Amino acid sequence: MNVQVLGAGHALPSRVLTNKELEKMVDTTHEWIVERSGILERRIIDEDKAASDLGFEAARMALDEAGVEPEELDLIIVATATPDMLFPATACIIQERLEAWNAAAFDLEAGCTGFVYALTVAEKFLLSQQYKYALVIGTEALSRIVDYTDRNTCVLFGDGAGAVVLGRGNTGSGIICTYLGADGRGGKHLNMPAGGSALPANPQTVKERLHFVKMNGNEIFKFATRITVEVSEKLFAMSGLGYKDIDFFIPHQANIRIIKTAMKRMNIPPEKTLINLDVFGNTSAACIPIALSMSNQEGRLHDGALILMVAFGAGLTYGGALLRWGRD
Ligand code: UT7
């Protein structure tokens with residue numbers, strides 16, 4: 001018995017923010033952004049929308065594809081660093097809109113590794129046979145916490161959502177193994193200092209722009225290039241599989257240079273690597289399920305395809321999963 005992806009969905013805002021527009025906002029150039037990050041443009045959520053709106057749309061698509069009704073869901077986990085508000089959980093807001101009245105619902109905060117963490121948690125619930133169907137959503141409205149006066153961060157992030165519906169199956173398809181980790185010592189390198197219980201909002205925190213993402217890009221970069229390979233090797237050791245078995249590699253979409261370094265070290269060719277960073281930027285917990293859903297829609301993911309997903313992010317967290325595409 002294993003846990004399969006029964007359906008996948010995604011949602012992206014229609015508003016495109018180009019590098020040329022960013023040139024007018026901060027001291028940067030299209031050339032610098034493309035060369036240093038690989039990003040050409042990103043999507044920005046409408047003013048009257050929030051992370052739950054994108055998450056709901058992605059969830060609806062995943063449910064339709066899975067052929068699962070909202071009332072059949074036992075569990076909804078939303079991975080996000082940009083919940084609609086601190087509470088109630090964005091998962092509960094989406095549960096209400098879906099009318100998924102039989103589902104437990106909670107948010108999971110593991111930064112950009114959020115989707116892999118949530119996938120792992122949902123898999124365990126389904127394997128325990130306590131639950132039959134789970135909905136895992138990665139949704140981000142990062143433009144709401146990005147400082148568009150800070151060129152170190154504002155060129156990198158974008159908004160979007162992806163979702164999968166999970167259920168049990170008996171064929172060889174499904175999640176083969178997952179691996180999670182964290183190193184809290186690196187938490188200081190990527191955070192949003194104010195707005196929590198440590199530093200509640202006050203006029204000073206607003207003035208000092210502490211309600212925005214702060215990032216030490218170089219430290220994250222070094223960590224990311226090392227950990228992407230380490231996580232992959234853990235997954236291969238757990239599964240007895242190897243790089244040569246991989247049909248698709250879905251890395252966290254933070255920087256094309258991090259992805260290319262990992263591809264080189266693991267000898268994974270470009271045609272096997274799914275990239276959406278160029279057009280969506282870094283959508284944090286949403287980027288992996290967006291890649292899954294879009295490539296599924298494009299017909300690229302054939303039954304039996306072996307997919308390696310690896311992510312890292314605020315925490316610092318890291319993790320990965322090996323998934324054999326297909327369902328009973
Ligand atoms: O999802 C997980 C979270 N994020 C990440 O994984 C991000 C990981 N890190 C990165 O992707 C890269 O470190 C960045 C893209 C953030 C930065 O690239 P870099 O090649 O590491 O540049 P750098 O930080 O070493 O900065 C080089 C120079 C600096 O100028 P000085 O100090 O050398 O004069 C920066 O101020 O580039 C400058 N710079 C920029 N210049 C033009 C930084 N951002 C920009 C910009 N446009 N947008």
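Report, to the nearest whole %, how much of the accessible area of the chain belongs to carbon and sulfur atoms, 1.4 Å probe, protein only.
After summing per-atom areas, the C and S share lands at 52 percent.
Under a GNM of the chain (C-alpha, springs under 10 Å), which listed residue has the highest mean-square fluctuation: 22, 316, 142?
22
Say each of residue 170 and residue 127 gets a label point 7 Å from the Cα, pointing the same way as Cα to Cβ; how far apart are those two points in nm?
2.0 nm
If the chain between residue 230 and residue 102 were fully stretched, how many nm would it gain, using 0.36 nm times the residue separation less the Cα-Cα distance?
Stretched out fully, the residue 230 to residue 102 stretch lengthens by 42.2 nm.
Tell me the per residue accessible area of the chain using a 1.4 Å probe; a whole number in Å² is fine.
42 Å²
Within the set of other residues whose C-beta is less than 13 Å from the C-beta of residue 301, count the net charge using Lys and Arg as +1 and Asp and Glu as -1.
0
Considering only DSSP states other than H, G, I, E and B, which trypsin sites (Lys or Arg not before Pro) in the stretch 209-290 qualify as loop sites with at most 14 other Cβ atoms within 10 Å?
209
In the structure shown, do any of 234/264; 222/264; 188/234; 20/260 have a Cα-Cα gap over 23 Å, and if so which?
188/234; 20/260
Roughly how many nanometres apart are two label points built 7 Å out from the Cα toward the Cβ at residue 188 and residue 265?
2.4 nm
Mind putting a number on the dipole of the stretch 146-288 about its Cα centre? Charges go on the C-beta only, +1 for Lys and Arg and -1 for Asp and Glu, and I need it in Debye to the nearest 20.
320 debye
May I ask you to compute the full-extension gain from residue 86 to residue 204, defined as 0.36 nm times their residue separation minus their alpha-carbon distance, rounded to one decimal in nm?
Full extension of this stretch gives 40.4 nm more.
Looking at the chain as a GNM with Cα springs under 10 Å, which of 172, 162, 242 has the largest mean-square fluctuation?
Answer for the Gaussian network model of the chain: 242.
With springs connecting C-alpha atoms under 10 Å apart, model the chain as a Gaussian network and identify which of 147, 74, 48 has the largest mean-square fluctuation.
With Cα springs under 10 Å in the chain, the top fluctuation among 147, 74, 48 is at 48.
The values are calculated or read from the model by the stated rules, or taken from the named source; none is laboratory data. No experiment lies behind these values; they were computed from the predicted model shown. All Cβ positions, even for glycine, are placed from backbone atoms using ideal geometry, and neighbour counts span all protein chains on display. Ligands, DNA and RNA are stripped out before the accessible areas are found, and what is left, the full protein with its side chains, is counted by its heavy atoms. Shrake-Rupley method; radii C 1.70, N 1.55, O 1.52, S 1.80 Å.
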